[in-house]
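The values are calculated or read from the model by the stated rules, or taken from the named source; none is laboratory data. All values derive from a computational prediction rather than experimental measurement. So basically every Cβ, Gly included, is an ideal-geometry build from the backbone, and we count neighbours across all protein chains shown.
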Amino acid sequence: MSETTDLEGKSIALECRDLHKHLGEREMRVHVLRGVNLKLYQGEVSAIVGPSGCGKSTLLYLLGLLDRQDSGQILINGEEVPPDKDGAHTRTRGEHIGFVFQFHFLIPEFSAAENVMLPMRKLGRLADQEMEDRARSLLSDVGLGDKTHRLPSQLSGGEQQRVAIARSLANLPSVLLADEPTGNLDVKNSLMVFQSLTQLATEKGQAVLIVTHNPELAGRCDRILRMQDGQFID
Amino acid sequence: MLMSLAGIVFGVGFFISTQAQLTGYQELFIETILGTDGAIRIEDRIQDSYVFVAASTSKGDRTNFFITDEKNRRFVEGVEHPDKVIESIMQLQNVEAASPVIKGTIQLESPLRKDNGQVYGINLDDHIAVSALEDQIQHGSLVDFRTAPMGIIMGHKMAGRLDVTVGESVIIRAIDQQRRFTISAIFETGVSDLDKTRVFMHMSAARSLLKKPHGVSFIQVSIFDRDHAVVDAEVIERVANHFTTPWQEREKSWMQLFKTLKLSAAITVSTIIIVSGLGMFSTLFMIVMDKTREIAILRSMGYTRSDISNIFLWQGAIVLFWGAILGCFLGGLITYGISRLPMPLSGIFATEYFQVNSTVWHYIQAVVAAIVIVMVASLAPARRAGRLVPGDVIRGTVT
Ligand SMILES: Nc1ncnc2c1ncn2[C@@H]1O[C@H](COP(=O)(O)OP(=O)(O)OP(=O)(O)O)[C@@H](O)[C@H]1O
Ligand SMILES: [Mg+2]
């Protein structure tokens, strides 16, 4: 059994212990993550900062169960995720994890609302009408209430990214992982996207982890984690 | 994808129509041979041959053995007591009618030419019951033949070669006999070999011409269910103790030819489906490669490997569905169209239109071929799509 609360009494949504990951084949093989330990608390926004290539994205993919670690453990809501079970990973992803990528990755053939409904459809807990209502409310939360029927190509970059955020929150995940969600946006849009993310998270008690190169945005987070050469430094 | 669909439609359509044609001709062929030489023929009497073996013991006593030797069965030519044989086989349920026939080689001479032929001495009514002779009469009539003791019915090719017609007479020679016969009717079976050589005459005339006062050469038997002939022939052979052949065995090489033709046509036409399958395979692979990002995204949201594979399998299924339906429709249409095409043909058989004969089996076979090929073609890309690791895809796109 693992504890789900910290010494200070905060609930741990996601924890990783001594994560290692290599990338590349043979001579190109690089030890990217060299023993990463991390705890994410409910209702808290954490930022990861660090030089390019230090392994931030790699860590996020592991935490989001999009990739497999070479060694180390990942626990979500206190339960260890078996490292080799694709089915279990997929289920956990759908239920507990929301992901925002550096690029929005919307499905171009679907409208904003339909994109937001995709994760709900898979989880299958809501009826059609409920899903539509939820998609609409999520989109208006990120300020796109009047553009739910537009295709991604008819939205600006910032709007697309906000649709992606709405989508990542669709199943009310306990952990929200965002990899440079504002990387492609101007200052104004960056702030808007950032606020959408943090506001929703703190309201609903989710754990949020944002990778960012923007020191100003990092400064607005509850916690800043500095990474270098595949490890966190104090 | 549309190209692959079109390919599958045509493949299935051609499959059905070629099989229908070949089956049509096979059917016509069977009808023809049943109408001429009948379903079953009872020929020579079987005489079990015993091999005499003398084994000697040390004392010099002799013990005699008789061993029956199946392979060296001897036959006594012809059917000695046709009435008895017919009486016994008529008890069999599937036997419809039987006609005793005397066969012999003859020479024919018309005022202008000479020709060789084979004479069949028949009892007219018996023979009508076991063949389609009535429908094969081209000129003259069987009524004339019935009332003319020295009348004959001649194949139309022979009549052409001898340059004679109904009402004229020919001289027929056999062994050391020679008689004058009148042509009562001329027949056409469509089998040119028969139309060239066969001559029918009354049994009594044949008996005296061929000097055969007793017995007959063979008995021709017609049956109700032609597909049962093999079993019936076996039973008859045992019951009557005469060598008996069903039509399937008699025409074995032809039936085999039809079988081979059907198979080779099926394979040839299936290549159309296979090529479409290949096209589909590469198209699907391209779509998978093009959509890796979307696939990774769906995976990151909790869609499983099989969810992703199913998307692509569905594409295959949709193509398959429409391909099979439209293909069957096209096949039926082509088959109908072909059956309306005039096609005068004679040789092994005669027909005026293209022969077609569709069975449900042709449709089932074509659809099964399409299912197998499309499944193989879409399974690999679909599996590939399902196995994409989302992390790899996203890393590759983002960097
Ligand atoms: N396929 C690969 N083979 C070998 N090394 C790789 C491969 N993919 C990434 N790397 C290396 O792994 C390291 C970590 O990459 P990662 O994408 O996690 O960095 P990052 O911290 O997100 O950088 P950035 O801030 O630029 O996004 C980098 O040094 C990169 O060169
Ligand atoms: Mg990165």
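Some values worked out for this structure:
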quantity: Inter-residue pairs, beta-carbon under 9 Å, first away from chain B (no Cβ under 14 Å) and in region A:179-199, second part of a strand (DSSP E or B) and more than 16 Å from ligand 2 (Cβ to nearest atom), 6+ apart; calculated: A:197/A:45; A:197/A:176; A:197/A:208; A:198/A:45; A:198/A:208
quantity: Any hit, region B:57-79, residues being at pLDDT 90 or above, within 30 Å of residue B:135 (Cβ to Cβ) and assigned to a strand (DSSP E or B); calculated: no
quantity: Residues located in region A:29-55, provided they are within 11 Å of another protein chain (Cβ to nearest Cβ) and either more than 14 Å from residue A:18 (Cα to Cα) or in a helix (DSSP H, G or I) (or both); calculated: A:52, A:53
quantity: Close pairs from region B:156-180: first closer than 19 Å to residue B:209 by Cβ, partner among the aromatic types (Phe, Trp, Tyr) and buried (at least 19 other Cβ atoms within 10 Å of the Cβ), Cβ under 8 Å, at least 6 apart; calculated: B:169/B:181; B:170/B:181; B:171/B:181; B:172/B:181
quantity: Residue check for residue A:66: more than 16 Å from ligand 1 (Cβ to nearest atom) and outside any helix (DSSP H, G or I); calculated: no
quantity: Residue in region A:65-75 that is over 17 Å from residue A:176 (Cβ atoms), of a type in the set (A, V, I, L, M, F, W, C) and within 8 Å of chain B (Cβ to nearest Cβ) present; calculated: no
quantity: Candidate set from region A:110-125 (those that are of a type outside the set (Lys, Arg) and in contact with an Asp or Glu (Cβ under 9 Å, 6 or more places away or on another chain)); member that is nearest to ligand 1 (Cβ to nearest atom); calculated: A:112
quantity: Scan of region A:81-129 for residues that are more than 11 Å from chain B (Cβ to nearest Cβ) and acidic (Asp, Glu), ordered by number; calculated: A:84, A:114, A:128
quantity: All positions within region A:19-48 that are of a type in the set (A, V, I, L, M), surrounded by fewer than 20 Cβ atoms within 10 Å (Cβ to Cβ) and either more than 13 Å from ligand 1 (Cβ to nearest atom) or under 30 Å from residue A:172 (Cα atoms) (or both); calculated: A:38
quantity: Given (1) more than 16 Å from ligand 2 (Cβ to nearest atom); (2) within 30 Å of residue A:152 (Cα to Cα), number of the condition residue A:100 does not satisfy; calculated: (1)
